[in-house]
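Working notes, structure below.
The values are calculated or read from the model by the stated rules, or taken from the named source; none is laboratory data. Remember, it's a predicted structure, so these values are computed and weren't measured experimentally. A quick note on method: Cβ atoms are made from the backbone with ideal geometry, for glycine too, and the neighbour counts reach across all protein chains shown. We work out accessible area using only protein heavy atoms, side chains counted, and drop any ligands, DNA or RNA first. Shrake-Rupley method; radii C 1.70, N 1.55, O 1.52, S 1.80 Å.
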Amino acid sequence: MPYPPPSRALPGPRRRTLLASAAGAALLAGCSPASDDPDGGTGGSPSLAERARARAARDSEGLVGRYDAVLAAHPALEGLVAPLRAEAARHVEAFGGGASGASASPSASPSGSGSPSPSASAPVPAVPSDERGALTELAAAERTLADQRAKTLLEMPGELARLLASVAAAGAAHAFLLTEGAK
């Protein structure tokens, strides 16, 4: 006699939200500082890996700048946005960038790292005046960057590919959480 299908007591993605958060946290724990493997892995071109690592750091710095702009425009979102911003700052450190400013407090200037990189010094787009729009744009930025990193990791050597995969997964989880927060 077959069992009846389980009934769903509460609608909504509660289980998925929990799993996405847990997966993001578990994958983030795998992020290691750039100094653990200076040549970026055992195979591939070190210069290619170094350029990819530097670009990933600049992209994460740009994302931290977006988080800072949203926090400045919408302080009421701090409970949702500040922890995700802190994770993005850790990603900068994991890729070996932003030693002087990306991990600073959310009230710090987004260009505080003094890096001459074009991504970090590029102006942050204007933040929508409504909180929902700000979260939606932030989620889109996280999703775009996660997709870009997922494509890049296919060409990278071992350790850097694992780091890119971990940070891409965390970015996808951030996008999900920001999307849920915008509802």
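Side notes on the structure shown:
- Local net charge near ALA165, Cβ-Cβ under 13 Å (Lys/Arg +1, Asp/Glu -1): 0
- Label point distance in nm, SER47-ALA126, each placed 7 Å from Cα along Cα→Cβ: 4.3
- Where PHE95, PHE176 fall by accessible area, highest first, once all protein chains stay in place (1.4 Å): PHE176, PHE95
- Heavy atoms of ASP147: accessible area, 1.4 Å probe, square angstrom to 10: 90
- Distance between modelled label sites at GLU180 and TYR3, nm, 7 Å Cα→Cβ extension: 2.5
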